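Just below is one structure, and these are the notes that go with it.
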């Protein structure tokens, strides 16, 4: 029973077709790699205080759909609706469990210092020593957790052909095939990592933040035309100019203006910056999460279906015209 709870395949009859099916898989990180460790100093553990498993990782592939040879790495809690959607595009997807709980372990002064956040994010993503404030070894970083998960998937789900994302020598992932994505904290780390390691694309929901830091304006291994963002205008991070600031530092304005998807259709002028003001009853918390809905609307349609397809599949070589930076977006947000 324990094994069934930890490793499972959802093989419902509604998913099965003569030429393939969607595979939804899951496995604990601590069972895949015995080097994986807990870090209670940053409240990063394999179970919560009630004994519930917290290190379960998720994956998806739909073999009924022609493979596009792209792997989405999602840096936030598992979202089944998102995974069903990306798999329908012919993408593979994983949600790795990595040491990302460091935010609450930093003091207010450390959080606003100006360089700490970017360094800690990079250490959590790579497992390399970028910050003296945390000690996250390689097996607990996003890169290694993702690699070990994909290796496990290649063995356990041969139908999915996961081995295409592993380098010939088995030492890493083929990052040129990887799409980094996340929401909030996850979108910010996805962007920080993509500046360090060139990837195929970055899809950022409700982010990035780190509004007192300047890493977003540094040299980037991933070109600016490969960054895509989507936010609700009532999200606190948008109202405080956190997202527009990051988008401009990332040079996304070189690829088109901000476009409200409520009054536009794909391809949205080939821009990289999308917003919405869909009704959230003036709830900023709801505004923060609604851009990654987990279900369908009353008509049975995916919310933002066209937007998601655009963000994840729009050709990166098709860009809108460069526009000036928005003078109303506060760029210097350092504590006065």
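Beta bridges assigned by DSSP with both partners in segment 27-120 are antiparallel in approximately 70 percent of cases. Using the Cβ-Cβ distance between residue 224 and residue 46 with R0 set to 45 Å, the FRET efficiency works out to roughly 0.75. From most to least packed by mean Cβ count within 10 Å, the peptides 323-329, 179-185, 265-271 give 179-185, 265-271, 323-329.
Among 284, 231, 88, a tally of other beta-carbon atoms within 10 Å of each Cβ gives an order, fewest to most, of 284, 88, 231. For the chain, the share of DSSP beta bridges that are antiparallel, to the nearest 5, is 45%. Between the alpha-carbon centres of segment 72-127 and segment 21-54 there is a gap of 15 Å.
Ordering 34, 249, 82 by the number of other Cβ atoms within 10 Å of each residue's own Cβ, fewest first, gives 34, 249, 82.
Can you figure out the FRET efficiency of residue 239 with residue 110, using R₀ = 35 Å and their beta-carbon distance, to the nearest 0.05? With R0 = 35 Å, the Cβ-Cβ based efficiency is 0.90. For segment 127-239, the convex hull drawn through the C-alpha positions has a volume of 135 cubic angstrom per residue. The calculated FRET efficiency for residue 301 paired with residue 19, based on their beta-carbon distance and R0 = 25 Å, is about 0.50.
For the pair residue 264 and residue 161, label points projected 7 Å from Cα toward Cβ lie 3.5 nm apart.
Working note: Cα atoms of segment 182-336, range along each principal axis, descending, whole Å: 45, 38, 27.
Any read-out appearing in this document is the output of simple, stated calculations on the displayed coordinates, not a laboratory observation. The structure presented is a predicted model; accordingly, all values stated were derived computationally and were not measured. With ideal geometry, Cβ positions are generated from the backbone for all residues, glycine too; neighbour counts draw on all protein chains shown.
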